[in-house]
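I have placed the structure first, in the form of structure tokens, so that the comments after it can refer back to it.
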Amino acid sequence: MNPIVHGELSWLMAQSLRERRDRILVTLAGLAPDVDGLTLLGGEALYGKYHHVLTHGYVAALATMGICTAFARQRGRVALLSLAAFHLHLLCDLAGSGPGWPIHYYWPTSLKEWFWSGQWNLASWQNTVIGMAATLACLACALHWRRTFVEVFSVRWDGEVTRTLRRRFLGESS
């Protein structure tokens, strides 16, 4: 699945959190498994060997939870949501990263592979529909919570997007 969609789905999971900082931490937890994608900098062979291995398992999940919790304001909720966002990423990868691309959840203690025989391709209609739904849901948050996924990047930009959406769909004046 596309990293943007992983980020959007994780951010959507974090909407019950009061503070932007905590929502961003949960969003980062949902993106954390793809840190092993940096192996592409070492070439395609290294990427093919280590992506879905190094940071797609329980050790990385626990480390991610620990780091997010350390920086959080609502520590207990962020701990749980960061674990959930991390594992949602893994579930999405199991479903939509392409046939024959397993996850090594127990690495480094085991190289046992997790995969699903029904995996669909990265460029599938299923991933497209999920991505479009996630983006629309993130934009719809402007109507209820007065924020969008754009808050991850900039409070000012998010304010502009939110005001524009609220004017368009709720008829609010500026």
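The values are calculated or read from the model by the stated rules, or taken from the named source; none is laboratory data. This structure is a prediction, so every number in the text was calculated from the model and none was measured. No Cβ is skipped: glycine too gets one built from the backbone with ideal geometry, and neighbour counts run over all protein chains shown.
General remarks:
- Scanning segment 49-69 for residues that are assigned to a helix (DSSP H, G or I) and either closer than 20 Å to residue 7 by Cα or touching a Gly at 6+ places or on another chain (Cβ under 8 Å) (or both) gives 58, 60, 61, 62, 63, 64, 65, 66, 67, 68, 69.
- Filter result for residue 37 (modelled with pLDDT under 95, under 18 Å from the mean Cα position of the chain (by Cα), part of a helix (DSSP H, G or I) and not aliphatic (A, V, I, L, M)): yes
- Contact map, segment 64-85: residues that are of a type in the set (Lys, Arg) paired with residues that are in a helix (DSSP H, G or I), Cβ distance under 8 Å, separation 6+ or inter-chain. Pairs shown: 73/21; 73/22; 75/69; 77/22.
- Which listed residue, of 156, 163, 77, is of a type in the set (D, E, K, R), loosely packed, with under 13 Cβ neighbours inside 10 Å and not in a loop (DSSP other than H, G, I, E, B): 156
- The residues of segment 1-34 that are of a type in the set (Asp, Glu) and either in a loop (DSSP other than H, G, I, E, B) or touching a Phe, Trp or Tyr at 6+ places or on another chain (Cβ under 7 Å) (or both), listed by number, are 8, 19.
- Qualifying residue in segment 19-26 (condition: touching a helix residue (DSSP H, G or I) at 6+ places or on another chain (Cβ under 8 Å), modelled with pLDDT under 95 and either on the phi < 0 side of the Ramachandran plot or buried (at least 19 other Cβ atoms within 10 Å of the Cβ) (or both)): no
- Hey, residue 135 modelled with pLDDT of 95 or more and farther than 25 Å from residue 66 by Cα or not: yes
- Residues satisfying the stated conditions in segment 92-125, i.e. surrounded by fewer than 14 Cβ atoms within 10 Å (Cβ to Cβ) and part of a helix (DSSP H, G or I): 125
- Failed item, numbered, when residue 129 is tested on (1) part of a helix (DSSP H, G or I); (2) under 20 Å from the mean Cα position of the chain (by Cα); (3) surrounded by 12 or more Cβ atoms within 10 Å (Cβ to Cβ): (3)
- Residues satisfying the stated conditions in segment 6-48, i.e. closer than 11 Å to residue 149 by Cα and either in contact with a Gly (Cβ under 7 Å, 6 or more places away or on another chain) or free of Cβ contacts under 8 Å to residues at least 40 places away in the same chain (or both): 7, 9, 10, 27
- Against the conditions (1) assigned to a helix (DSSP H, G or I); (2) out of contact with any Leu (no Cβ under 8 Å at 6 or more places or on another chain); (3) more than 23 Å from residue 29 (Cβ to Cβ), residue 143 satisfies every one except (2).
- Single match in 45, 85 (criterion: in a helix (DSSP H, G or I) and out of contact with any helix residue (DSSP H, G or I) (no Cβ under 9 Å at 6 or more places or on another chain)): 45
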